[in-house]
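Notes for the one structure printed next.
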Amino acid sequence: MSEEIKENTDVQSDDNKQQDEKSEEKIRKVSISDEDENELPLSTPNGRETPSAVSFSDVIIQKQDEELPMTEENHTFNDTQQLLEIISDKSNKEATTTLLNTLVDGDFDLDKNYIIQKPENLSKIFSIFNKMSSSLQAEILSVLIGIMRKSERNLLAAIDAQIYEKALGLLNIIDDDVVADLLVDILTVLTTLTINVNELKLLLHYLKTENRIWKKHAVKLLNIFKNLPYRHGPDEFFNFPGRNGSGIVLPPIKIWPYQNGFTITTWFRIDPVANGVIEKEKPYLYWFCTSKGHGYTAHFVGNCLVISYSKLKEKTFQHCIQYEFKPREWYMITFAHQYQRWGKSSIHCYINGQIVSNTHFPWSIESGDLFDKCYIGCTPDRHDITSFSGQLSTFYLFSIYLEPLIVQGLYKLGPAYKNQFKFENESAHVLFEAQRKAMYDGKLMNSIVFNYNPIACEEQLVLQAAPKTNVSYFVHTAHAQMLSNVRSVITYSIYSTLHSVGGIQVFFPLFGQLDHQQIDDSINYNVCSILLSTLCELIERSYTIQHQMLNSKGFLTIGYHLEKASKQHINMDVLNSLISLTTFFVKIESKNSPLLLKQLFVHIFFNPVMWIYCSVDNASISSSEDEEVGAYTCITEILTGAASNRAEIIRELIGLYPINAFLACVLTSVTFTFADRTNVKKVVHFLPHIGVGSRYRLSQQRQTSLASPKQLFRSANMIQQCHRRRSYHDLNQYSIFSWIIADYESKKLDLNKQATYRDLSKPIGALNPIQKKFFVQRYNN
């Protein structure tokens, strides 16, 4: 037995076992009562976002704790003042050890005993945090960040302690840069699991400048944004602590669906138990058997998964899946059982939608016995050695054998999917047509035997989420029950939270603060690259964010702010983010991508005010040889530099393989040049996806006599300018301007000003002093 749980187990294992046996007996008799439980889930669908202060994942709550004396030995303290007095006369090392011991309710050890057992003590530590020395603060934060990254249960305990707001408040009063960096790191770790509406509001409020000055360490806080798009895993999951008496018990199944085959599938993540002994531990993913032990099971041996079956008068058959499951990573496991009445049946094992193993043996069990020993995450004895430690997403059992096409579709839907395969539109942008037809023809929906997902829970009761019209395979009710310490957890990703607060546009005001100063009167020119990189990553990973950007004209707003800001904010990181997003829009097959691509080019790339004085190095751009960005390397070359040099730059870059694009939407043209003809063909291939300009279609209108003479003249003029590599904004195409107008620098021409006009008393070649000197010298020689 693990050292981590010995003390609690010795006191309560018998009591908990008796309570769980009673609960299990009730569920078999269809009388699961709503008895008061000792602990509550982290978050349940009834509106509770975070648990109360007495709720946490890995501790069996003792009612008699309130009567225990407040001493250092039992690591319980009645107030923060008492905790502060205990560490006041100790060295940093001793104080750190004492505080960490209060969290794990024992002797803290980074390898053997690091699971937080008392989240309320973590909250008290942050309450006295500003009264500690900087070195002690840094040491405690370093250890906390390490154990929170090491175990998901510690992360859940930190969320239970509600330290997010406290850490954010401390950031504004901390002067030490090292401690501030560690506080930002701990906030970053917390947001990797969840960030709800209140936390996002607190974050954005802290980032709002006051009197055009950023708050203390606010720019460091922007680093949280870098990790927001990379959140993996579902928003809801079951948390299994791997303790004695933990698991989910299912009601009895009267007959097992084997005649058409059956399929078991779920998403899981392993979170190893502290001080676990790999040689002795054999955690079970599921146990579906009769009272005689005949049935189907799956358990882990080290990093491998073993599936087994046993039936009457036959030996147990086992099959080992040779795949290394890494801790703290999400995997989708699927076991598709294909039944053959006259031959050997088979089992196909899929991991992440890909088949990794298959075997043939007669696995069908035709016994008339009830499957009354059905568990998820444990065995009937519910011992800690056989209890699963980690997280599980929605658990499905289908009464048919699933084809590989459907299994791959299930993987594409992701670990967050928990529905009934009823509405095709829920996955229109994820699956291709063949998968949608196979998964949403009604057959898959009707074959669901049970669907247990973490959001369909009421306290410790797990509701059956399969369609009510499906055939029932259960003796009575189909609802399951979570045993001790197992709970459903509901978290909030940045995508769902943004949807709740109005969309991606809540980030746009931050672009208006680019030129605001720090406390030391300096300006940080990396803010724009951080914000834009985060925005691009969010767009690439969320169909909803793309839709929000399109409806809110997000690129127009960003372009407006970048026009007003200093051009030093536009650096190579900004350009690389934009080019990466452009490549994504070109490659993705989406209804929104052509429209977003048009907005990106019109309001960002083809906005001369943004690029004309930007800080991007011309040489570093033009020397790029990356094929993916080859089509866009000339954008900044054309739009960068003074207006007098722009025509010269274009002529130098044209080379052998140019493409000159005339844009009717902004009445301008942009020339692209390429290293070889292959890249030219790639670009030309993608151009029809954007659309054809109205002026290009005038030749077709001529055939049906729809074009007026004026339209025909403008069409012919447009073609002539195309051959001359000019646009409507090139004043040289109008002959009167090149001979009369001399002022090409002012934004508006003052026709009453003499300096606006050329001196027509001299030949046109002698107006420029340098040219006049050259002509005079040539004449004299």
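The values are calculated or read from the model by the stated rules, or taken from the named source; none is laboratory data. Computed from a predicted model, the values in this text were never measured in an experiment. When we count neighbours, we look across all protein chains shown, and the Cβ atoms used for this are built from the backbone with ideal geometry, even at glycine.
Residues checked against (1) assigned by TED's automatic domain parsing to the domain that holds residue 192; (2) without any contact (Cβ under 8 Å) to a residue 40 or more places away in the chain; (3) not hydrophobic (A, V, I, L, M, F, W, C):
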{"position": "310", "(1), (2), (3)": "no, yes, yes"}
{"position": "328", "(1), (2), (3)": "no, no, yes"}
{"position": "335", "(1), (2), (3)": "no, no, no"}
{"position": "355", "(1), (2), (3)": "no, no, no"}
Practice prompt. Might you let me know whether the stretch 416-423 holds any residue that is in contact with a Phe, Trp or Tyr (Cβ under 8 Å, 6 or more places away or on another chain) and more than 23 Å from residue 268 (Cβ to Cβ)?
Written response: yes
Practice prompt. Would you check which residues across the stretch 534-577 are assigned to a loop (DSSP other than H, G, I, E, B) and under 14 Å from residue 494 (Cα atoms) and list them?
Written response: 542
Item to complete: Would you check which residues across the stretch 165-182 are in a helix (DSSP H, G or I) and under 15 Å from residue 202 (Cα atoms) and list them?
Response: 165, 166, 167, 168, 169, 170, 171
Worksheet item: Which residues, taken from the stretch 311-326, are modelled with pLDDT under 85 and surrounded by 13 or more Cβ atoms within 10 Å (Cβ to Cβ)?
Response: 311
Item to complete: Please verify whether the stretch 163-171 includes one or more residues that are of a type outside the set (A, V, I, L, M) and touching a strand residue (DSSP E or B) at 6+ places or on another chain (Cβ under 8 Å).
Response: no
Discussion item. Contact list please: Cβ distance under 8 Å, first residue in the stretch 124-153 and closer than 14 Å to residue 183 by Cα, second residue acidic (Asp, Glu) and part of a helix (DSSP H, G or I), pairs at least six apart or on different chains.
Written reply: 141/185; 145/185
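Would you confirm whether or not the stretch 317-328 contains a residue that is within 30 Å of the chain's Cα centre (by Cα), aromatic (Phe, Trp, Tyr) and in a loop (DSSP other than H, G, I, E, B)? Walk me through how you get there before you give the answer.
So the first thing to find is which residues in the stretch 317-328 are within 30 Å of the chain's Cα centre (by Cα), and the list is 321-328.
Among the residues that remain, those that are also aromatic (Phe, Trp, Tyr) are: 323, 325.
Applying the additional criterion that residues be in a loop (DSSP other than H, G, I, E, B) yields 323, 325.
Within the stretch 317-328, one or more residues are within 30 Å of the chain's Cα centre (by Cα), aromatic (Phe, Trp, Tyr) and in a loop (DSSP other than H, G, I, E, B).
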Practice prompt. Quickly run through the stretch 479-508 and pick out the residues that are out of contact with any helix residue (DSSP H, G or I) (no Cβ under 8 Å at 6 or more places or on another chain) and touching a residue at least 24 places away in the same chain (Cβ under 8 Å).
Written response: 482, 485, 486, 487, 488, 490, 493, 496
Worksheet item: Is it true that residue 385 is assigned to a loop (DSSP other than H, G, I, E, B), of a type in the set (A, V, I, L, M, F, W, C) and farther than 26 Å from residue 588 by Cβ?
Response: no
Practice prompt. Quick one: which residue in 511, 605, 601 is surrounded by 19 or more Cβ atoms within 10 Å (Cβ to Cβ), in contact with a His (Cβ under 7 Å, 6 or more places away or on another chain) and among the aromatic types (Phe, Trp, Tyr)?
Written response: 511
Worksheet item: Does any residue of the stretch 127-144 turn out to be surrounded by fewer than 16 Cβ atoms within 10 Å (Cβ to Cβ) and under 23 Å from residue 489 (Cβ atoms)?
Response: no
Worksheet item: Would the stretch 512-531 turn up any residue that is assigned to a helix (DSSP H, G or I), among the acidic types (Asp, Glu) and touching a residue at least 24 places away in the same chain (Cβ under 8 Å)?
Response: no
Practice prompt. Considering only the stretch 199-217, state which residues are surrounded by 14 or more Cβ atoms within 10 Å (Cβ to Cβ) and either under 16 Å from residue 164 (Cβ atoms) or outside the structural domain of residue 170 (by TED's automatic domain parsing) (or both).
Written response: 199, 200, 202, 203, 204, 206, 207, 217
Worksheet item: What's the number of the condition residue 345 fails, among (1) more than 36 Å from the chain's Cα centre (by Cα); (2) surrounded by fewer than 17 Cβ atoms within 10 Å (Cβ to Cβ)?
Response: (2)
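Evaluate the stretch 431-453: report whether one residue or more is touching a residue at least 40 places away in the same chain (Cβ under 8 Å), assigned to a loop (DSSP other than H, G, I, E, B) and surrounded by fewer than 19 Cβ atoms within 10 Å (Cβ to Cβ).
no
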Practice prompt. Name every residue in the stretch 100-117 that is assigned to a loop (DSSP other than H, G, I, E, B) and either free of Cβ contacts under 8 Å to residues at least 24 places away in the same chain or among the basic types (Lys, Arg) (or both), in order of residue number.
Written response: 107, 108, 112
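Could you tell me whether the stretch 102-115 includes any residue that is surrounded by 17 or more Cβ atoms within 10 Å (Cβ to Cβ) and under 29 Å from the mean Cα position of the chain (by Cα)?
yes
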Fill in: Residue identified as under 40 Å from the mean Cα position of the chain (by Cα), at negative phi and surrounded by 18 or more Cβ atoms within 10 Å (Cβ to Cβ) among 299, 360
299
Worksheet item: Is the stretch 476-495 home to any residue that is assigned to a loop (DSSP other than H, G, I, E, B), closer than 28 Å to residue 581 by Cα and in contact with a His (Cβ under 7 Å, 6 or more places away or on another chain)?
Response: no
Practice prompt. Need at least 1 residues that are farther than 28 Å from residue 189 by Cβ and hydrophobic (A, V, I, L, M, F, W, C) per element, so show me which strands (runs of 3 or more DSSP E) inside the stretch 227-303 make the cut, counting only ones lying wholly within it.
Written response: 262-270, 284-289, 295-301
Fill in: Condition met for residue 407 (in contact (Cβ under 8 Å) with a residue 60 or more places away in the chain and assigned to a strand (DSSP E or B))
no
Discussion item. Can you tell me how many residues within the stretch 368-402 are surrounded by fewer than 18 Cβ atoms within 10 Å (Cβ to Cβ) and under 29 Å from the mean Cα position of the chain (by Cα)?
Written reply: 0
Practice prompt. Being within 15 Å of residue 473 (Cβ to Cβ) and of a type in the set (Ser, Thr, Tyr) is the filter here, so list the residues in the stretch 368-401 that pass it.
Written response: 396, 399
Discussion item. Among the residues that make up the stretch 300-319, is at least one of them touching a Leu at 6+ places or on another chain (Cβ under 8 Å) and closer than 18 Å to residue 270 by Cα?
Written reply: yes
Worksheet item: Counting only residues that are within 23 Å of the chain's Cα centre (by Cα) and either of a type in the set (Val, Ile, Thr) or surrounded by 16 or more Cβ atoms within 10 Å (Cβ to Cβ) (or both), how many does the stretch 548-572 have?
Response: 6
